[in-house]
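The values are calculated or read from the model by the stated rules, or taken from the named source; none is laboratory data. Just so it is clear, the model here is predicted, and its values are computed rather than measured. Cβ placement follows ideal geometry from the backbone for every residue including glycine, while neighbour counts extend to all protein chains displayed.
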Amino acid sequence: MNLNETISVEEKSQITKAYRELLKESDSLREKDDVQQVRKALDLLLEDKGQLSRNGAGELYVLESLEVSLIITREIGLGRTAIICALLYHPVLEKSISVEEVKQHFGEQVAGITGGLVKVAELYAKNTSIRNENFRKLLLTFAEDIRVVLIIIADRLRTMRALKLYSAEDQQRISGEVGFLYAPMAHRLGLYAIKSEMEDLVMKFSNQKMYQYIARKLNETKRAREKYIAAFIEPLKKELESQGLQFEIKGRTKTIHSIWNKIKKQDTEFEHVFDLFAIRVILDSELRNEKAECWQVYSVVTDKYQPNPSRMRDWISVPKSNGYESLHTTVLGPDKKWVEVQIRTHRMNEVAEKGLAAHWKYKGGKGEKGMDEWLSNVRDILENPELNAVDFIDDFRLNLYDKEVFVFTPKGDLRRLKKGATILDFAFEIHSEVGKKCVGGKIDNKNVPIKHQLKNGDHVEIHTSNNQEPKQDWLNIVVTSKAKSKLKQALREMQYKEAELGRELLVRRLKNWKYELNDQLLNQLVKFFGYKNIHDFMRAIAMEQIDMARIKDFILDIEKKEIAEEEQEERSAVNFVASEDELPSDDVLMIDQSLTNVDFTLAKCCNPIFGDEIFGFVASMGGIKIHRLTCPNAKDMQTRFGYRIVKAQWTNVKGNSYQATLKVTGVDDIGVVTNISQYISKELKVKIRSMSIDSNEGVFEGNFTIYVDNTQVLNLLIKKIKTIKGVYTVSRVGVI
């Protein structure tokens, strides 16, 4: 190893030690090629002079990378691929080595995971807040490969261990983030040792006084506690040895964080918290004998000490979703104190300490399937645009700590759901179509409603009906993330269909009344009936919440007002006739920027621009207004005031800019509107006068008022905007 002279002797020693320890761990990898590949990654790391730069705590990046790699292999149990990724992701981030080079040296899988780690680091560089929608991208990156999650957890653990080197501000930010997301994530993956250490370290920096108080109390009571544990274990040890079992038995003091939770939950003082420790029996059993020998130990424990039946937990017959297997019981020990006893094998203990990753060492283990299911669920939820990042994280964290309920399908398949789950949750767990058509269920040959809460061991059959449709109030019945996500999606699709049906009904009815629907009339109707947007108005029509007779009365009232206004204009128009000098001899008004003998203006109702087919309308107060032939008011003007119509056409008007308004609809996703506005102003060099955006049920509707030279530019702009990802429709306002 060649180390730069700018680093201290102590740092050189730390790097050398970590380097040797990692190589030692690498020697235990399964294949000879594994060790060679790890050494190759180490050499690339140490050749990169950028690794001798320092992180926010002033530590060398090379040391950080080595220590993260040690956590990955020692405490999580991952192998070559994850170690190489942890060593190389910072050089890739600093562009000392490209992802393509990583792919050439180590293959596509290593390059993919390293690329995922770089994405995470880049999001952190942007100070991405957990309560920012961009955090969804971070979580989606996590969901690409489980090793991305595990490496980031190792990185966060290593940072927490060195947190005292950071500033007070960084300590609060990092510990808050770890407590909010990464400790729960470690728990979800079964990394109990890491989860517990993270929680303790978070408390150490976020609740320092209470942390120090409990630590001091534990130290003061240590001798008495050890004496009690020895007395409790002695008779059990003798009996287990007499039965020929191979085991180790020890007492384990609970973490400071868990003791603090008990103090809060029981609303008591430290002295009154009796279950400060747990006894753990770890058996050396063959896989085929594991369950039988665990129950054998359980029998010995409950023979010696009186058990509390309500505190018995069997996670051997039905393991937790994160792969955790163990028997737990609470018994009455000496001095009438309740003591928790955990019974498991060495394999189960390794899974409990290292989580789902430990299952990779045991072929046929139950954890890998559970991990795949969890990742699949994360992807489904995150890819649903209805759910924002904050909702997901909050629900994700709640699901971790809530108990689970185990129920069976009619065929006997076991399904695991969140405690409090209902028949409707179970229906959506089976399939979204089953959930949408669910009308109830049957448990033990007894019919139950959709809101019936499930209990452990229930055999559940779902009843459906083709006439059933999802209801808004179902959101108050379901509790699982999957059911909520699928239900919201179904409701949004229904509402969209209702709005389309409402539009069809309105267009058909107006046609019967000899009217046509245009934007002006539609906006007037929405405003008159008091709806927030067009979508809600159309749904109300479809659901017969608006009387069509009221719509007709409203239109007739508008007509009466317009007729009265026009009659007033006619009475006030005194002998206004355009002279022959003012108009061309062929009775066609030529619109030209040099035209000075005729007072004309462009009508605001349709905003004509150069290239549109146009006509002139003689205004009652003098002058001529220029309208498009496709103006929403054109038909009415031509029918009622044909004698005031003047033919018109464009001539040389180069250099002029005209105002036009585009209506754009699309998916209501972060960045879409920004992409549109940037494309208009930067790519096409078109000036934006104003824009307004309305959003509803995952769809946005925006009006962009712009300045263009002619219709050719406008049509090109419309065509280009339609190609932007997330855009549904683009249309010009004021066209029929």
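When restricted to residues that are over 43 Å from the mean Cα position of the chain (by Cα), of a type in the set (A, V, I, L, M, F, W, C) and farther than 23 Å from residue 348 by Cα, segment 230-274 contains 3. Within segment 1-40, restricting attention to residues that are modelled with pLDDT of 70 or more and not in a helix (DSSP H, G or I), the residue that is farthest from residue 81 (Cα to Cα) is 8.
One line per residue, one yes/no per condition, for (1) part of a loop (DSSP other than H, G, I, E, B); (2) crowded, with 18+ Cβ neighbours inside 10 Å; (3) not aromatic (Phe, Trp, Tyr):
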| position | (1), (2), (3) |
| --- | --- |
| 160 | no, yes, yes |
| 173 | no, no, yes |
| 176 | no, no, yes |
| 182 | no, yes, no |
| 185 | no, yes, yes |
| 215 | no, no, yes |
| 237 | no, no, yes |
| 244 | yes, no, yes |
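Does residue 437 fit the bill of being more than 16 Å from residue 410 (Cα to Cα), touching a Phe, Trp or Tyr at 6+ places or on another chain (Cβ under 8 Å) and either surrounded by 14 or more Cβ atoms within 10 Å (Cβ to Cβ) or not charged (D, E, K, R) (or both)? Spelling it out, it is not the case that residue 437 is more than 16 Å from residue 410 (Cα to Cα), touching a Phe, Trp or Tyr at 6+ places or on another chain (Cβ under 8 Å) and either surrounded by 14 or more Cβ atoms within 10 Å (Cβ to Cβ) or not charged (D, E, K, R) (or both).
Out of the residues in segment 529-578 meeting the condition of being of a type outside the set (Gly, Ala, Ser) and on the phi > 0 side of the Ramachandran plot, tell me which one is modelled with the lowest pLDDT. Going through the qualifying residues, I end up with 575.
Among the β-branched types (Val, Ile, Thr) and at pLDDT 65 or above, is that true of residue 526? In short, yes.
Quick check on residue 386: is it in a loop (DSSP other than H, G, I, E, B), at pLDDT 85 or above, among the acidic types (Asp, Glu) and surrounded by 15 or more Cβ atoms within 10 Å (Cβ to Cβ)? Criteria not met by residue 386.
Residues in segment 450-459: is at least one under 31 Å from the mean Cα position of the chain (by Cα), at pLDDT below 90, over 30 Å from residue 695 (Cβ atoms) and loosely packed, with under 13 Cβ neighbours inside 10 Å? Yes, segment 450-459 has at least one match.
Residue 226 meets the stated requirement of being among the acidic types (Asp, Glu), assigned to a helix (DSSP H, G or I) and out of contact with any Cys (no Cβ under 9 Å at 6 or more places or on another chain).
Checking each residue in segment 610-630 for being over 53 Å from the mean Cα position of the chain (by Cα) and either modelled with pLDDT of 85 or more or among the basic types (Lys, Arg) (or both) picks out 615, 616, 617.
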